[in-house]
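No lab work stands behind these numbers, since they all come straight from the coordinates. Just so we're clear, the structure is a prediction, and the values are computed from it rather than from any experiment. Cβ coordinates were reconstructed from backbone atoms using ideal geometry, including for glycine residues, and neighbour counts include every protein chain displayed.
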Amino acid sequence: GKYRVISTKSMPGTRWINLLIEQDCRLEICTQKKTILSVEDIISLIGDKCDGVIGQLTEEWGETLFSALSRAGGKAFSNMAVGYNNVDVNAANKYGVAVGNTPGVLTETTAELAASLSLSAARRIVEADEFMRVGLYDGWLPHLFVGNLLKGQTVGVIGAGRIGSAYARMMVEGFKMNLIYYDLYQATRLEKFVTAYGQFLEANGEQPVTWKRASSMEEVLREADVISLHPILDKTTYHLVNKERLAMMKKEAILVNCSRGPVVDEVALVEHLKANPMFRVGLDVFEDEPYMKPGLADMKNAIVVPHIASASKWTREGMATLAALNVLGKIKEYPVWSDPNRVEPFLDENSRPPA
Ligand code: GLV
Ligand code: GLV
């Protein structure tokens, strides 16, 4: 291979590997056992000559790495993620390295996990499963694991971009929930969908669903029964959900986070969960991954999963393919647009914060 491309992790599928090899690349996949590579680890992987790197959201791609990559002749870096809060895009620009992410292929998969957490929290699936396994079930009872009926309740979405809108549709269509959302941008297609679905229900003699675009995030927090967070993480969304905003939510609300951990003040959340046993959360992401803030793991009203929202086979293979195409597209003018799996080029400039 003429071009040296590094992947800091092994990734699912073989298509991404074949794409790179067929296009004259020598691919090196890091096999270090360590889960999270340090900046020093990655510098030694880059070495003296490296044309492009596929990296992971657990790595800090800043000045140090982009300057090392540029010195090694590198032209492209792709994050295997839709989020790029771990990437300093200005530093990449400064060193002439193009940056890519992998949007699109994970939209539905991530929305499905947010829906799974919403349902699991509403019906207390995890608590009930634990109860069965430890042998506590000794017969049906009217009070046993009573949860919330979603039908007719209101789902709140903060950040109605691709993932937030897909989640909203699932909850509205699947469970006949009303929608309230907050985003700087109007989610026109989503609004049209809910209107049309409401008309369909009405024509069938059912209660129609409704939508509302909130004028503030607080309005969503006050009114919704289930709230899912879908902003990108940046300075404006850090601790978006804090102590004061948790206090605005209904006592029996459900909060779901499949975006980035620091969007929620996790210490304040643990306090809120302790003080409000009927309040439930479903969390895929945490402030200090892989750690949880003290006390969170003991809360029965919290469901916690290890950042798996994009973890379906189809999606992870698609992300790997997009990451390879991002790198190829820069190092050798590969015709990325001819690929049907290609969703968007390079850094997704349409991703935007909700506030
Ligand atoms: C996963 O968290 C991603 O950003 O793709
Ligand atoms: C519950 O199992 C019922 O039959 O109502």
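Some observations on this one:
- Using θ = phi - 60° and Karplus 6.51 cos²θ - 1.76 cosθ + 1.60, couplings along the stretch 117-132 (whole Hz; Gly, Pro as x): 5, 4, 5, 4, 5, 4, 9, 6, 4, 5, 4, 5, 5, 4, 4, 5
- Modelled spin labels at Trp140 and Trp314, positioned 7 Å past Cα toward Cβ, are 3.6 nm from each other.
- Surrounding net charge for Arg222, when Lys and Arg each add one and Asp and Glu each subtract one, Cβ distance under 13 Å: -1
- Approximate spin-label separation Asp24-Lys94, in nm, with each point projected 7 Å along Cα-to-Cβ: 3.2
- A simple rule links phi to the HN-Hα coupling: the Karplus curve 6.51 cos²θ - 1.76 cosθ + 1.60 with θ = phi - 60°, which for the stretch 151-164 gives 3, x, 7, 10, 9, x, 10, 10, x, 9, x, 4, 6, x Hz, with x for Gly and Pro.
- Among Lys33, Lys151, Lys330, the residue with the largest mean-square fluctuation in a Gaussian network model of the chain, with springs joining Cα atoms closer than 10 Å, is Lys33.
- Helix 188-203 vs. the chain, principal-axis angle (Cα, 0 to 90°, nearest 10): 30
- At most 15 other Cβ within 10 Å, DSSP loop - GluC sites (Glu not before Pro), the stretch 139-213: Glu206
- Sites Glu40 and Lys192, calculated FRET efficiency, Cβ-Cβ separation with R0 56 Å, nearest 0.05: 0.65
- At most 15 other Cβ within 10 Å, DSSP loop - chymotrypsin sites (Phe, Trp or Tyr not before Pro), the stretch 164-205: Tyr185
- Distance (nanometres) between label positions extended 7 Å along Cα→Cβ at Glu289 and Val267: 2.2
- In Hz, Karplus ³J(HN,Hα) per residue of the stretch 101-115 (6.51, -1.76, 1.60; θ = phi - 60°; x = Gly, Pro): 10, 10, x, x, 5, 9, 4, 5, 4, 5, 4, 5, 5, 4, 5
- Using only alpha carbons, the chain has a radius of gyration to Kirkwood radius ratio (Rg to Rh) of 1.01.
- Amide H contacts of Ser7 (H built 1.01 Å from N, in plane; Pro and chain starts excluded): Glu28, Ile29, Cys30, Ile54 sit under 5 Å, all sequence-distant by 5 or more or on other chains.
- Net +/- balance of residues flanking Leu190 in space, Cβ distance below 12 Å, scoring K and R +1, D and E -1: +3
- Neighbours of Ser312 by Cβ distance under 15 Å: Lys/Arg scored +1, Asp/Glu scored -1, total -2.
- Pairs of Cα atoms nearer than 8 Å and 6+ residues apart set the relative contact order; for the chain it is 20 percent.
- For peptides 136-148, 152-164, sequence by mean Cβ density within 10 Å, most packed first: 152-164, 136-148
- Of the cross-linked pairs Lys49/Lys94; Lys9/Lys313; Lys151/Lys293; Lys176/Lys212; Lys250/Lys274; Lys235/Lys274, those separated by over 21 Å at the C-alpha level are Lys151/Lys293; Lys235/Lys274.
- Alpha-carbon centroids, the stretch 214-239 and the stretch 274-337: separation in whole Å: 18
- In this structure, the amide hydrogen of Leu255, modeled 1.01 Å from its nitrogen in the peptide plane, lies closer than 5 angstrom to those of Ile227, Arg280, Val281, Gly282, counting only residues at least 5 positions away or on a different chain.
- Crossing angle, helix 266-275 versus the chain [Cα axis fit, 0-90 degrees, rounded to tens]: 20
- Looking at the chain alone, DSSP beta bridges between its own residues are antiparallel in about 0 percent of cases.
- Under-5 Å amide H pairs with Trp211, H placed in peptide plane, nonlocal only: Leu179
- Antiparallel content of DSSP bridges confined to the stretch 107-304, in %, to 5: 5
- For the stretch 116-130 versus the stretch 65-108, the spacing of their alpha-carbon centroids is 37 Å.
- For the stretch 177-285, applying the loop criterion from DSSP together with a ceiling of 10 other beta carbons within 10 Å to the trypsin sites (Lys or Arg not before Pro) yields Lys235, Lys251.
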